[in-house]
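The values are calculated or read from the model by the stated rules, or taken from the named source; none is laboratory data. Fair warning: this is a prediction, and the values are worked out from it, not measured in the lab. Here the Cβ positions follow ideal geometry from the backbone for every residue, glycine too, while neighbour counts run over all protein chains shown.
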């Protein structure tokens, strides 16, 4: 999903008042330094749905239009992965699948929302200040 530590820095800086993740400290072309979150990485059994839902809702309700990052483009990602195959599957059932995925879904325009894209338990840390989301 074209990881950008600069984008991650921008997101972490923007959501800092929400106290959802680590504070960004420094971004460089070779990486991102964030505050250490002391705690334990959660497992599936380590968090109840009732605790996870408010975290996910807070993330998705954040007005992401103020964050200076390029919005996610489903079509661009599909095209990127297809082009990475360097024409190996042209004319095959995979090209048919690519064309199908590229044209779907056809949904009406919805407001922008902040998305984590990898909100698995391994990116949740429980510490003294509650559950924090890492690896944006």
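What are the residue pairs meeting all of these: first residue in the stretch 106-130, first residue over 29 Å from residue 40 (Cβ atoms), second residue exposed (fewer than 14 other Cβ atoms within 10 Å of the Cβ), Cβ atoms under 9 Å, and 6 or more apart or on different chains?
So the pair list comes out as 111/63; 111/65; 112/63; 112/65; 112/71.
Would you pick out the residues in the stretch 126-136 that are within 21 Å of residue 7 (Cα to Cα) and part of a strand (DSSP E or B)?
The answer is 132, 133.
For the stretch 5-37, enumerate the residues that are in contact with a helix residue (DSSP H, G or I) (Cβ under 9 Å, 6 or more places away or on another chain), closer than 20 Å to residue 66 by Cβ and surrounded by fewer than 18 Cβ atoms within 10 Å (Cβ to Cβ).
Residues satisfying the conditions are 18, 23.
Right, residue 79: closer than 21 Å to residue 6 by Cα, out of contact with any strand residue (DSSP E or B) (no Cβ under 6 Å at 6 or more places or on another chain) and surrounded by 10 or more Cβ atoms within 10 Å (Cβ to Cβ) or not?
Considered against the rule, which asks whether it is closer than 21 Å to residue 6 by Cα, out of contact with any strand residue (DSSP E or B) (no Cβ under 6 Å at 6 or more places or on another chain) and surrounded by 10 or more Cβ atoms within 10 Å (Cβ to Cβ), residue 79 comes out as no.
Taking the stretch 19-29, which residues are under 15 Å from residue 135 (Cβ atoms) and outside any strand (DSSP E or B)?
20, 21, 22, 23 - these are the residues of the stretch 19-29 that are under 15 Å from residue 135 (Cβ atoms) and outside any strand (DSSP E or B).
Any idea which of 47, 55, 40 is touching a strand residue (DSSP E or B) at 6+ places or on another chain (Cβ under 9 Å), in contact (Cβ under 8 Å) with a residue 60 or more places away in the chain, loosely packed, with under 14 Cβ neighbours inside 10 Å and closer than 15 Å to residue 134 by Cβ?
The conditions single out 40.
Which residues, counting only those in the stretch 30-58, are part of a helix (DSSP H, G or I) and either more than 18 Å from the chain's Cα centre (by Cα) or over 21 Å from residue 18 (Cβ atoms) (or both)?
Residues satisfying the conditions are 44, 45, 46, 49, 50, 51.
With within 17 Å of residue 4 (Cα to Cα), without any contact (Cβ under 8 Å) to a residue 60 or more places away in the chain, loosely packed, with under 11 Cβ neighbours inside 10 Å and under 13 Å from the mean Cα position of the chain (by Cα) as the only criterion, which of 73, 64 stands out?
73
Can you tell me how many residues within the stretch 90-115 are touching a helix residue (DSSP H, G or I) at 6+ places or on another chain (Cβ under 6 Å), assigned to a loop (DSSP other than H, G, I, E, B) and modelled with pLDDT of 90 or more?
Final tally of qualifying residues: 1.
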